[in-house]
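Asks: Just passing along the structure, written as structure tokens.
The values are calculated or read from the model by the stated rules, or taken from the named source; none is laboratory data. This is a predicted model, so every value here is computed, not measured. Here the Cβ positions follow ideal geometry from the backbone for every residue, glycine too, while neighbour counts run over all protein chains shown.
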Amino acid sequence: MFIQEQINEFLRNKLYAASCISGRLECQVTSGTLLTLRGQKADGKNIFFWDLEMPLQRLIHQYLTLEAPQAAAFTIDIDLEQNNFVYRLTSPAEMKAMEKANALQEKADTDQRLQDMKAALLANNTPYGQALATKVAQALNRGALMNSHRDYCGMGLEKNAKGQYLYGEVWDGGFTPGARTFADKASFIQWLAVQSDASMANLQSQDTWVWNNQVINRQRLEAFIQGLPS
């Protein structure tokens with residue numbers, strides 16, 4: 001208990017000096033000891049103390065060695081008005097269970113965000129139409145519609161030197177093998193006219209990273225027709 005009293009006194013003085021009324025110290029034992037201290041003022045404002053003094057670090061090390069050698073983590077909830085310091089220890093098994101639960105929750109949250117995004121994209125299913133497709137075909141005479149930065153550039157459209165129209169995946173500013181090819185302007189317009197933001201969002205891919213990632217959509221097509229950055 002003597003070590004805890006020393007820790008409590010150190011934390012009490014540090015929080016008082018910052019005009020805090022409460023706080024929390026979190027300690028996680030990994031290859032080293034990760035310490036974080038947060039204080040709260042009477043107005044609810046939080047203060048984070050990033051650099052904790054060596055005397056406190058030594059006391060924490062002694063506490064872990066002598067009084068909590070099996071702990072994977074612990075917290076101290078501090079109420080200065082009540083002069084109350086509540087220690088809570090977390091065992092390695094409890095830490096693993098918490099990490100597993102957090103990972104499962106994170107995956108569930110990610111899956112839900114993806115499903116929400118997919119549903120929103122699928123709702124944008126209005127075909128581009130003949131007029132827009134024709135204007136895009138004409139605009140491709142002056143250059144390609146594609147990004148040209150390093151690595152993955154999304155999807156692009158181009159009219160090549162043979163007069164063919166191409167649609168496909170772009171890396172490093174150029175098409176990857178397997179781009180869809182249309183022999184002439186009429187067949188390209190016929191295809192693009194029935195497409196929509198939903199059909200062009202790459203939702204058929206198993207790699208969700210490419211969903212709606214630099215894809216061809218109505219906004220890019222209209223900007224491209226007007227000669228604006230797209």
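Asks: Since Ala93 meets every condition but one in (1) small (Gly, Ala, Ser); (2) within 30 Å of Val194 (Cβ to Cβ); (3) free of Cβ contacts under 8 Å to residues at least 12 places away in the same chain, which condition does it not meet?
Replies: (2)
Asks: If only one of Leu66, Leu59 is in contact with a helix residue (DSSP H, G or I) (Cβ under 8 Å, 6 or more places away or on another chain), surrounded by fewer than 19 Cβ atoms within 10 Å (Cβ to Cβ) and on the phi < 0 side of the Ramachandran plot, which one is it?
Replies: Every option except Leu66 fails the conditions.
Asks: If you don't mind, another one. Quick one: count up the residues across region 147-160 that are part of a loop (DSSP other than H, G, I, E, B) and at pLDDT 95 or above.
Replies: Count: 1.
Asks: Output the residues belonging to region 55-66 that are touching a residue at least 40 places away in the same chain (Cβ under 8 Å) and either hydroxyl-bearing (Ser, Thr, Tyr) or within 16 Å of Phe10 (Cβ to Cβ) (or both).
Replies: Across region 55-66, the qualifying residues are Pro55, Leu56, Leu59, Ile60, Gln62, Tyr63.
Asks: Among the residues of region 80-114, count how many are under 24 Å from Ala18 (Cβ atoms) and loosely packed, with under 13 Cβ neighbours inside 10 Å.
Replies: 6
Asks: Looking only at residues that are among the polar types (S, T, N, Q) and surrounded by 14 or more Cβ atoms within 10 Å (Cβ to Cβ) in region 1-55, which one is modelled with the lowest pLDDT?
Replies: Here the answer is Gln28.
Asks: Next up: Across region 1-11, which residue is farthest from the chain's Cα centre (by Cα) among those that are assigned to a helix (DSSP H, G or I) and free of Cβ contacts under 8 Å to residues at least 24 places away in the same chain?
Replies: Phe2
Asks: How about region 67-86: which of its residues are of a type in the set (A, V, I, L, M, F, W, C) and either touching a residue at least 60 places away in the same chain (Cβ under 8 Å) or not assigned by TED's automatic domain parsing to the domain that holds Glu9 (or both)?
Replies: Once the filter is applied, which keeps residues that are of a type in the set (A, V, I, L, M, F, W, C) and either touching a residue at least 60 places away in the same chain (Cβ under 8 Å) or not assigned by TED's automatic domain parsing to the domain that holds Glu9 (or both), region 67-86 yields Ile76, Ile78, Leu80, Phe85.
Asks: Give Asn202, Asn160 a once-over and let me know the one that is under 22 Å from Ala123 (Cβ atoms) and either of a type outside the set (Gly, Ala, Ser) or in contact (Cβ under 8 Å) with a residue 60 or more places away in the chain (or both).
Replies: Of Asn202, Asn160, the one residue that is under 22 Å from Ala123 (Cβ atoms) and either of a type outside the set (Gly, Ala, Ser) or in contact (Cβ under 8 Å) with a residue 60 or more places away in the chain (or both) is Asn202.
Asks: Residues that are under 27 Å from the mean Cα position of the chain (by Cα) and farther than 30 Å from Ser205 by Cα, at least 3 per element: which strands (runs of 3 or more DSSP E) completely within region 12-129 meet that?
Replies: Qualifying strands (runs of 3 or more DSSP E): 20-29, 33-41, 46-49.
Asks: Scan region 174-198 for residues that are surrounded by 17 or more Cβ atoms within 10 Å (Cβ to Cβ) and assigned to a loop (DSSP other than H, G, I, E, B) and jot them down.
Replies: Ala179, Gln195, Ser196, Asp197, Ala198
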